[in-house]
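Below: one structure, written as structure tokens.
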């Protein structure tokens, strides 16, 4: 065994460990090799399980580190070559040694500010390191005795993930700093010129990586300075969307009022975070999109998502149509507080992927195909809490329980209004994932509705957004209460196929005579994501919009109003999509006497 190796061991076990690993890396991978991008997203339980292994193979870039016996032999050979080089070129080596040390020390001091995270001083500060780990004692020595390892900013060590050459260069630099401290104090007699020559060889191996990393840091600092000089806000970002829609209806011979229309809807959402885990939405909205006449009075059948503009007059006036705040409650709960414009899909999982995009600009064309109509009962201002439980799944949302309350007339102090005396809806939902590809949701909504209200009003009180007039119109003289039950499910057999559907039942009890009725709705959709191109979606949806038969005397409403819809979202770029689609409605107004309606739409959505 080389004398240099033993003397390095006397100086510091950290130097020995760094020497072994860096030498192996230098042999296995050439200078300037591009490191492999590594993604580590293991849960704590997985990390702890992996850490109980009896051995490991670390990967630098795409190259494995050799075993320890090979490293020792190679290190001895390298040292002999270096000693020979010292005899032949002592002056050049001494100058190179000084330059490289200065370079490493200079880089090690970059980025150090008063706001940086405190140095790790105990192995117990790593959340993913356990005393049962096979390398626990070695890591404890490096951290607590020599301070060579700092870990990651989030308090993890990630001992089971591969190591890039850049990361190892940073660790080596910390160990070299420690060596310099030993030299400067009481251990100078333990370090010889041969030891420094060996360390200089290690520094030379990583000089390219350190220089490249320093260049990257300089570039990031320049970009950060430019962003800070031109930023809108340190806490707020702007997310915008503009929809252009060309639409018309066909097939209704009795109605000559419709013409081809070109409509718009614009939303500007100011998203503010104060802690990094909370989010305040302040959304400005406007539009001029009006619903088409399909020959059924008071019907919301065929209403499209961009018809919900935030402007009740549809005259491009700007309103704050949504003001809400999300914040965490512990580790597994999230609280939602809405001051205006709150709806249930803001907090409850609708379990209808690719049809529901939680905005209305990129999913299905109609309000019916986008989500179960039970989520359209009530809205406005209030609060909800979402409690997560179980293992996080990759499909849709993790399993959760949601409870909430929304009042539709919160700002009106008049009699029969306000948060608790006006129209309101209370929701309870159990959403759970049976596997990574199957999700279910069971939803219950209890509502109170004043005289002249609509059942599926999304908080607008007297304006329905889905379903027939028979299922929406409540008593004009007395208040009503409702109890609604819904089941939603989604199944994804492959990454390019999704099947989802829902069914809902609504029991309305009127406070006046003859005001009781029941309503039903159901639908099934098939979506083909990435059809033809990444980001595209081909969707087909069919079902029955909310209906209630035989409610009114002398009215022919005994037919089920079926809804068929097909659309194809073509993703032109990351910010532009074009969606042509067709909606076919049978028996509008629940009467076969009314001609079927066919709605054609070309929707273009701009996001920024």
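Consider residue 502 carefully, then state whether it is surrounded by fewer than 17 Cβ atoms within 10 Å (Cβ to Cβ), touching a helix residue (DSSP H, G or I) at 6+ places or on another chain (Cβ under 9 Å) and touching a residue at least 60 places away in the same chain (Cβ under 8 Å). So residue 502 does not fit the description; no. If you filter the stretch 424-457 down to residues that are part of a loop (DSSP other than H, G, I, E, B) and touching a strand residue (DSSP E or B) at 6+ places or on another chain (Cβ under 7 Å), you find that the one that is surrounded by the most Cβ atoms within 10 Å (Cβ to Cβ) is 456. In the set (1) touching a strand residue (DSSP E or B) at 6+ places or on another chain (Cβ under 8 Å); (2) buried (at least 17 other Cβ atoms within 10 Å of the Cβ); (3) over 20 Å from residue 552 (Cβ atoms), the condition left unmet by residue 473 is number (3). Quick check on my filter: what residues within the stretch 587-603 are buried (at least 18 other Cβ atoms within 10 Å of the Cβ), over 10 Å from residue 557 (Cα atoms) and touching a strand residue (DSSP E or B) at 6+ places or on another chain (Cβ under 6 Å)? Passing the criteria: 597, 599, 601, 603.
Taking the numbered list (1) touching a helix residue (DSSP H, G or I) at 6+ places or on another chain (Cβ under 9 Å); (2) on the phi > 0 side of the Ramachandran plot in turn, residue 418 passes all entries but (1). Consider the stretch 232-266 and keep the residues that are over 23 Å from residue 287 (Cβ atoms) and either part of a helix (DSSP H, G or I) or under 23 Å from the mean Cα position of the chain (by Cα) (or both). The one that is modelled with the lowest pLDDT is 232. Restrict the check to the stretch 546-557 and report whether at least one residue is in a strand (DSSP E or B), under 15 Å from residue 365 (Cβ atoms) and either touching a strand residue (DSSP E or B) at 6+ places or on another chain (Cβ under 7 Å) or not assigned by TED's automatic domain parsing to the domain that holds residue 361 (or both). For the stretch 546-557, residues in a strand (DSSP E or B), under 15 Å from residue 365 (Cβ atoms) and either touching a strand residue (DSSP E or B) at 6+ places or on another chain (Cβ under 7 Å) or not assigned by TED's automatic domain parsing to the domain that holds residue 361 (or both): absent.
The values are calculated or read from the model by the stated rules, or taken from the named source; none is laboratory data. Since the structure is predicted, the reported quantities are computational estimates derived from the model, not experimental observations. Please note: Cβ atoms are built from the backbone with ideal geometry, for glycine as well, and neighbour counts cover all protein chains shown.
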